[in-house]
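Visitor: Got a structure here, written out as structure tokens. Questions coming.
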Amino acid sequence: MYLGKNRFTITKIVAREILDCRFNPTVQVDVWAGDDVWGRADVPAGRSRGEREAWELRDGDKKVFGGLGVQKAVKNIHEIIAPALIGMDVRDQRNIDLAMIKLDGTPNKKKLGGNATIGVSMAVARAAANACNLPLYRYLNVNAYVLPVPLLNYINGGRLTSNDLDFQEICIFPVGAETFRESMIIGWDVYNALRDILSSKYGKIAVNVGDEGGFAPPIVSIKEAMDHLVKAVKVAGHEKKVQYGFDCAATHFYDAKKKVYKFEGEERTNKDMLAFYKELIKKYPIATMEDPFDEDDIEGFKMATEQLGIQIVGDDFLCTNPKLIRERADYCNALLLKFNQIGTLSETMDAAESAYRHKFGIMVSERSGETEDPILSDVTVGINAGQIKTGATRSERTVKYNRLLEIEHELGDAALYAGRMYTNPF
Ligand code: PGA
Ligand code: ZN
């Protein structure tokens, strides 16, 4: 029912092209409710993208930003999405998202661009929270109180750097901290110990950072990288509080034609990779592994989930897609949740809900091309997810940690750090 304009009525939507942390263009959206309330959201961009992700609409005009401009997505927001949403109640998130899904009409948001729809969808939620005078996490969930364990990506490889490490992310997972703040203190200690270890072994160049703010040393061997990380944790005195995790991002070292993984200079079958993963788990206290096999290697994922006895996270494998989660629920046991993989907040929430119903863990994740927008942190707490992954240093990463520190402070005694219960915090 439309009762005329009030402070919850969408009155204006303004989009623009901004830059992400790789200096590539991306979409920023402001949604206005009533006359003086508004909410803003920036859209991040992936580099090691899954095949089934929502479509990222780029202009393709090579003369401007090498074809990566997003003026078409901005135009779609102004000319197609805004006229349909103006007059709707900004709190009516699901109908707003459904309206965009209908306007688009394709299975992967190819017409409007997933980068257009997710920008609007998230800015709608922000504007609604602002109109209700609530922080976003509280607007999303009256019972939000879990602070996630951060998976800190301290050694970058794969597509996020120019080194030859095949895994994309080699991380520490401070599950033994008591609070989110303590996880940051542990993170600081380990990061600085690792800097000393890497620079004394490989020289100053080794502590340059990759796209996600972790070090990018000239190492090829995963075990060698792990040995340094384990040593850094030991030097920092946090062995009892820290476990480890990887984003293998194996899709990106898989040769689909030959059906082999091109790993550390050798061609390996999925069984060879599984044996390697078993060795790693035996040697180091690894808690979590993301995309250990190619996004279509169901057999590989099934073996990993049945035999490795750790958290197996689906990123490219699930693409935050509720349908894929249903179809593939037997082959992994945790969801990597990235809003722009699916293209609306409602569908993101559906993916989270579906994951919980399958007794999955949930790790909310950034993209390698991030902005200064910390919306990720509010959604993480808003769904009581036990885990977050947002890289290491650099402001587009620390802004997410800072928002979590702020939320933990705001929640006071009500805050619960997920800790060792990261899969299922309560
Ligand atoms: P992406 O990388 O944002 O480039 O996809 C992050 C990941 O694979 O988890
Ligand atoms: Zn990944």
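The values are calculated or read from the model by the stated rules, or taken from the named source; none is laboratory data. This structure is a prediction, so every number in the text was calculated from the model and none was measured. Counting neighbours? That spans all protein chains shown, and the Cβs are built from the backbone with ideal geometry, glycine included.
Visitor: Go through Thr320, Thr288, Thr305 for me and flag whichever is farther than 14 Å from Ala249 by Cβ, hydroxyl-bearing (Ser, Thr, Tyr) and within 16 Å of ligand 1 (Cβ to nearest atom).
Guide: Exactly one of Thr320, Thr288, Thr305 is farther than 14 Å from Ala249 by Cβ, hydroxyl-bearing (Ser, Thr, Tyr) and within 16 Å of ligand 1 (Cβ to nearest atom), namely Thr320.
Visitor: Could you look through region 139-165, keep only residues that are hydroxyl-bearing (Ser, Thr, Tyr) and modelled with pLDDT under 95, and pick out the one that is nearest to the chain's Cα centre (by Cα)?
Guide: Thr161
Visitor: To continue, here is another question. For Arg22, only one of the following conditions fails: (1) touching a strand residue (DSSP E or B) at 6+ places or on another chain (Cβ under 6 Å); (2) crowded, with 20+ Cβ neighbours inside 10 Å. What is its number?
Guide: That leaves (2) as the condition not met.
Visitor: If you don't mind, another one. Looking for something buried (at least 18 other Cβ atoms within 10 Å of the Cβ) and part of a loop (DSSP other than H, G, I, E, B) - is there at least one such residue anywhere in region 70-87?
Guide: Taking every residue of region 70-87 in turn, at least one turns out to be buried (at least 18 other Cβ atoms within 10 Å of the Cβ) and part of a loop (DSSP other than H, G, I, E, B).
Visitor: All but one of (1) over 23 Å from Gln243 (Cα atoms); (2) within 16 Å of ligand 1 (Cβ to nearest atom) hold for Thr269; state the number of the condition that does not hold.
Guide: For Thr269, the exception is condition (2).
Visitor: Can you say whether Phe246 is under 20 Å from the mean Cα position of the chain (by Cα) and either away from ligand 2 (no atom under 16 Å from the Cβ) or of a type outside the set (D, E, K, R) (or both), as far as the supplied structure shows?
Guide: In short, yes.
Visitor: When residues of region 329-361 are filtered for being over 22 Å from Glu51 (Cβ atoms) and within 16 Å of ligand 1 (Cβ to nearest atom), how many remain?
Guide: 1
Visitor: Within region 51-65, is even one residue in a helix (DSSP H, G or I) and away from ligand 1 (no atom under 16 Å from the Cβ)?
Guide: The answer is yes, given that some residue of region 51-65 is in a helix (DSSP H, G or I) and away from ligand 1 (no atom under 16 Å from the Cβ).
Visitor: Do we find that Asp227 is without any contact (Cβ under 8 Å) to a residue 24 or more places away in the chain, in contact with a Phe, Trp or Tyr (Cβ under 8 Å, 6 or more places away or on another chain) and not basic (Lys, Arg) in this structure?
Guide: no
Visitor: I need the full set of residues from region 361-378 which are surrounded by fewer than 24 Cβ atoms within 10 Å (Cβ to Cβ) and hydroxyl-bearing (Ser, Thr, Tyr), in order please.
Guide: Thr371
Visitor: Against the conditions (1) in contact with a strand residue (DSSP E or B) (Cβ under 7 Å, 6 or more places away or on another chain); (2) closer than 30 Å to Arg181 by Cβ, where does Asn133 fall short? Just the number, please.
Guide: Tallying (1) in contact with a strand residue (DSSP E or B) (Cβ under 7 Å, 6 or more places away or on another chain); (2) closer than 30 Å to Arg181 by Cβ, Asn133 fails exactly one: (1).
Visitor: Only one residue in Ile186, Ile172 is surrounded by 19 or more Cβ atoms within 10 Å (Cβ to Cβ) and part of a helix (DSSP H, G or I), so which one is that?
Guide: Ile186
Visitor: Looking at region 290-309, I want the residues that are in the same structural domain as Lys259 (by TED's automatic domain parsing) and over 17 Å from Gln168 (Cβ atoms) and have a partner that is among the acidic types (Asp, Glu) and within 16 Å of ligand 1 (Cβ to nearest atom) with Cβ atoms under 8 Å, at least 6 apart or on another chain. Which pairs are those?
Guide: Final answer for the pair search is Asp296/Glu51.
Visitor: Ok, one more. Out of Asn130, Asn108, report the one residue that is over 23 Å from Arg40 (Cα atoms) and either in contact (Cβ under 8 Å) with a residue 60 or more places away in the chain or not assigned by TED's automatic domain parsing to the domain that holds Asn384 (or both).
Guide: On inspection, the qualifying residue turns out to be Asn108.
Visitor: Looking at region 325-338 only, could you name the residues that are of a type in the set (A, V, I, L, M) and surrounded by fewer than 21 Cβ atoms within 10 Å (Cβ to Cβ)?
Guide: Matches in region 325-338: Ala329 only.
Visitor: Here is a check on your reading of the model: is Glu408 in contact with a Leu (Cβ under 7 Å, 6 or more places away or on another chain), of a type in the set (D, E, K, R) and either closer than 20 Å to Asn141 by Cα or crowded, with 24+ Cβ neighbours inside 10 Å (or both)?
Guide: Yes; evaluated as a whole, the condition is true for this residue.
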